[in-house]
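Bear in mind these aren't lab numbers, they're just calculated from the coordinates by the rules spelled out. Source: prediction; values computed, not measured. Backbone-built Cβ (ideal geometry, glycine too); neighbour counts: all protein chains shown.
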Amino acid sequence: MSQARVLLVDDHPVFRRGLAALLAGEEWVRDVLEAGDVAGALQAVATRRPDVVVLDLGLPDGNGVGAVRPIRLAHPGTAVLVLTMDEDDAQVRRVLAAGASGYVLKQSEPEAVVAAVRTVVLGGSVLGPGVVRPAVPAPGAPPPFDALTPRQLAVARAVAAGRSTARVGRELGIADKTVRNILSSVLVATGTSDRVALALLARERGLRDDDD
């Protein structure tokens, strides 16, 4: 995998810097950015375009749940992983429905947090220990595409429509290698063997391209 830029958004500097130091030692991490509130997070996403935002929910200028969708809209190539103390099932549902790719509790082991960040960078989804997966289908997507994360679904739609890896990467703001990694996870999740099979399944199930 290509190296990733990670943005940590948390209003506790000690926790934030500890996690930054932990991630900085990973060979797949290019650099680690930090922000202490929603405004700082949105500014960093707009100017630095991180591959993933690790987002706390309790921030000084607003609930992090409300930041997930603006982050995804500002730069669709940026994935969001929520890292919080909040174990509320309804909160998990709202976060995933807003477009987050994962939800992990701060009390998780450090290795589990690092693994979760890496999984999301690769285009996967993750729920940490103690988090119950709610039923949140991808909006408007038919089975089996409704089980994909928003990022996987965007790649699935684009590839099924016949767009090249390079074009998909440009449209989503991600590296070609990341597109290929996400596509691999989509093929596994949908039970298809290649791009052609994926396109045929998408047509059969009525999955529409966002540009249609």
TODO: Specify whether the C-alpha gyration tensor of the range 4-127 places it in the rounded, prolate or oblate class, a ≥ b ≥ c being the square roots of the eigenvalues: rounded for a/c under 1.5, otherwise prolate if a/b is larger than b/c and oblate if not.
DONE: rounded
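Suppose the chain between ASP61 and ALA21 were pulled fully straight at 0.36 nm per residue; how much longer would it get relative to their current alpha carbon spacing?
Contour length minus the Cα-Cα distance gives 11.9 nm.
Can you check what the net charge comes to around LEU83, using other residues whose Cβ is under 9 Å from the Cβ of LEU83 (Lys, Arg +1; Asp, Glu -1)?
-1
Per-residue counts of other Cβ atoms within 10 Å, averaged by peptide: what ranking do you get for 174-181, 163-170, highest first?
Result, highest mean first: 174-181, 163-170.
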- [ ] Provide the percentage of antiparallel DSSP beta bridges, counting only those with both residues in the chain; round to the nearest 5.
- [x] 10 percent
Task: Net charge of neighbours whose Cβ lies under 15 Å from the Cβ of ASN181, counting Lys and Arg as +1 and Asp and Glu as -1 - done: +3
Task: Residue-averaged 222 nm ellipticity for the chain, from DSSP H runs of 4+ at -39500 (n - 2.57), nearest 500 - done: -14500 deg cm²/dmol
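Over the range 145-205, what is the mean sequence separation of C-alpha contacts under 8 Å (at least six apart), divided by residue count, expressed as relative contact order in percent?
Working: 47 pairs, mean separation 23.9, N = 61.
Over the range 145-205, the number comes to 39 percent.
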Open item on the list: Can you give me the angle between helix 110-121 and the longest principal axis of the chain, using Cα atoms only, in degrees from 0 to 90, rounded to the nearest 10?
Closed with: 40 degrees
Open item on the list: Compute the helix-to-body angle for 176-190: its Cα long axis versus the longest principal axis of the chain, expressed 0 to 90° and rounded to tens.
Closed with: 70 degrees
Open item on the list: Using only the alpha-carbon atoms, how far is helix 89-98 inclined from the longest principal axis of the chain? Give it as 0 to 90 degrees, nearest 10.
Closed with: 60 degrees
Open item on the list: Using 0.36 nm times the number of residues separating ARG170 and ALA115, minus their current alpha carbon distance, what extension gain do you get?
Closed with: 17.2 nm
Open item on the list: Tell me whether the chain comes out rounded, prolate or oblate; compute the Cα gyration tensor, take square roots of the eigenvalues as a ≥ b ≥ c, and use a/c under 1.5 as the rounded threshold.
Closed with: prolate
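Got the relative contact order for the chain handy, in percent, Cα pairs under 8 Å and 6 or more residues apart?
Normalised by residue count, the contact order of the chain is 16 percent.
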